[in-house]
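First up is the structure itself, then whatever we jot down about it.
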Amino acid sequence: MALHDISVPVREGMPIYRGNPGYEIHLDSAIADGAGANVSKITMGAHTGTHIDGARHFFTDGPGVEALSLEAMIGPCLVAELPDIGLGPIDEAALRGAGVPAGTERLLLKTPNSRLWEQDEFTHDFARLDGSGAAYALNLGVRLIGIDYLSIGDHDAHVALLGAGVVALEGLDLRAIDPGEYELLCLPVRFIGSDGAVSRAVLRDLEGTI
């Protein structure tokens with residue numbers, strides 16, 4: 001069963017959400033300078049590249065990412081394509097039109113955002129859930145919802161999803177992924193008390209699929 005890495009490469013010069021810390025890496029200790037081993041120092045924001053949001057991202061006293069359920073991040077997953085929404089809000093009507101069945105626990109939204117990874121500059125013009133879209137997703141029973149750019153939704157959407165304990169998986173690269181059913185494997189770094197955590201996200205073809 002094939003594996004599909006849907007994480008974006010973390011690198012200097014990558015798109016970073018407006019106002020967030022950028023990514024930097026340098027050798028803190030170097031063999032060339034006489035050290036016994038090379039040791040890099042990495043500086044970045046918790047919402048860099050492919051990452052998850054913890055409730056603390058929008059709730060001052062909310063739990064950090066370590067409180068989120070790993071079971072929500074591993075298991076059957078539906079990739080739903082929304083090719084006709086442009087770069088506007090993803091509302092209830094848009095999700096209804098995608099035909100996502102009730103009981104879908106893990107939902108990844110493939111949108112026109114996917115082409116935005118072809119440029120290094122961040123743009124605030126991207127598709128994201130609004131409050132009505134988030135409410136509809138909750139009614140479907142989602143435990144995790146992801147999207148192919150750096151934010152799952154507007155303020156209302158974040159408050160609704162994170163307040164309900166839903167995992168918001170952001171910064172996916174779904175350009176090479178066909179819509180359909182997969183198994184999702186998403187492993188965030190176990191940062192204690194953090195409002196976000198960088199993650200490696202992989203889709204695995206289900207047995208019997210090509």
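Just so it is clear, none of the values below were taken in a lab; they were calculated from the coordinates. Note that the coordinates shown come from a computational prediction; the quantities given were computed from them, not determined experimentally. Virtual Cβ from ideal backbone geometry, glycine too; neighbours counted across all protein chains shown.
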Using a simple charge model, +1 on the beta-carbon of Lys and Arg, -1 on the beta-carbon of Asp and Glu, nothing else, what dipole does the range 32-88 show about its Cα centre, in debye to the nearest 20? 200
In square nanometres, what is one fourth of the surface area of the convex hull spanned by the alpha carbons of the range 36-93? 8.3
Projected onto the charge dipole of the range 3-205 (unit charges on the beta-carbon of Lys, Arg, Asp and Glu, signs +1, +1, -1, -1), the Cα from 124, 140, 177 with the largest positive-side position is that of 140
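What order do you get for 14, 1, 73 when you list them from fewest to most C-beta neighbours inside 10 Å?
The most exposed by this proxy come first: 1, 14, 73.
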Whole angstrom only: what separates the Cα centroid of the range 21-66 from the Cα centroid of the range 122-138? 27
Under a Cβ-Cβ cut-off of 10 Å, what is the net charge of the residues other than residue 41 that fall near it, where Lys and Arg count +1 and Asp and Glu count -1? -2
Would you mind telling me the antiparallel percentage of the DSSP bridges in the chain, rounded to 5? 65
Find me the longest stretch of the chain that has none of the exposed trypsin sites (Lys or Arg not before Pro), where exposed means in a DSSP loop (not H, G, I, E or B) with at most 16 other Cβ atoms within 10 Å. 19-174
Measuring from the longest principal axis of the C-alpha atoms of the chain, the long axis of helix 131-140 (C-alpha) lies at a number of degrees, nearest 10, equal to 80
Average projected area of the Cα convex hull of the range 52-210, in nm²? 8.9
Within the chain, helix-based [θ] at 222 nm, where runs of 4 or more DSSP H residues each add -39,500 (n - 2.57), nearest 500: -3500 deg cm²/dmol
Among the range 12-37, those whose backbone N falls under 16 Å of a label point 7 Å along Cα→Cβ from residue 191 are 16-25
Span from the the range 171-210 Cα centroid across to the the range 68-105 one, whole angstrom: 14
Counting alpha carbon pairs within less than 8 Å and at least 6 residues apart, what relative contact order, in whole percent, applies to the range 3-205? 31
Tell me which of 113, 162, 37 sits at the most positive position along the dipole axis of the chain, charges placed on C-beta atoms (Lys, Arg +1; Asp, Glu -1). 37
For the range 3-205, with only Lys/Arg (+1) and Asp/Glu (-1) charged at the beta-carbon, what is the dipole magnitude about the Cα centre, in debye rounded to 20? 280
Cβ-based exposure ranking for 123, 60, 48, in which fewest neighbours within 10 Å come first: 60, 123, 48
Listing 100, 202 from the residue with the fewest other Cβ atoms within 10 Å to the one with the most, what is the order? 202, 100
